[in-house]
Amino acid sequence: MDTVKAAEYAVLVKDIRAREKEIKSMKKHANDIMEELLPDFKNSGIQRINIAGATVYLDRKVWASAGGDMPRLVDAMKAADMHDMVGETVNGNTLSAWVREFDPESLKTEAEIISALPEELRDAIEVNIVFKLGVRSE
């Protein structure tokens, strides 16, 4: 038994665990700051700033789902002749990408996006707009 290697391993594992706790804490702190900054970005109209050697930008994503009622969405999509997106379930990523096409300039509200959808789908699709901040190194 190589006790030197075993000791080295033990020290490394303990260090990894300590750093994972530190990273978890850092992620929570970063998320808390992001939640504070999001209203500033959204209300000021600022899309990005270059600061601290990085670009902090407002990242807007539109996600669509069945809102908990998949059978209703499947029936509505079939009624809208969208069989290519329907199997036993609806692919959420494909659905979200399709819904994003109704907001090409990323300016509409959830209600405006829903009202632009085919009538058969309006009550079956739930649209949520999620904002977060992204950081890209320069």
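A short reminder: the numbers here are calculations on the coordinates, not readings from a lab. Just so you know, these numbers come straight off a predicted model, no measurement behind them. All Cβ positions, glycine included, derive from the backbone under ideal geometry; neighbour counts span all protein chains shown.
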Next on the checklist: Below 10 angstrom from the Cβ of V130, what's the summed charge of the other residues (Lys, Arg +1; Asp, Glu -1)?
Outcome noted: +2
Next on the checklist: Based on alpha-carbon atoms only, what is the radius of gyration of the chain relative to the globular estimate 2.2 N^0.38 Å?
Outcome noted: 1.57
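Assuming R0 = 30 Å, what is the FRET efficiency of T94 and R136, from their Cβ-Cβ distance, to the nearest 0.05? Don't skip to the answer; put the middle values down first.
On the way: r = 27 Å, r/R0 = 0.90.
Calculated transfer efficiency: 0.65.
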Checklist outcome for this item: When the chain is treated as a Gaussian network with springs between alpha carbons less than 10 Å apart, the largest mean-square fluctuation among R19, R122, R72 is found at R19
Checklist entry - How far apart, in nm, are the 7 Å Cα→Cβ label points at D81 and D2? => result 6.9
Checklist entry - So what is the diffusion coefficient of region 3-46 in µm² per second by Stokes-Einstein at 4 °C and 1.567 mPa s, using a Kirkwood Rh over Cα pairs? => result 100
Next on the checklist: I want to verify a result. In a Gaussian network model of the chain, Cα cutoff 10 Å, which of these has the top mean-square fluctuation: A18, A111, A97?
Outcome noted: A18
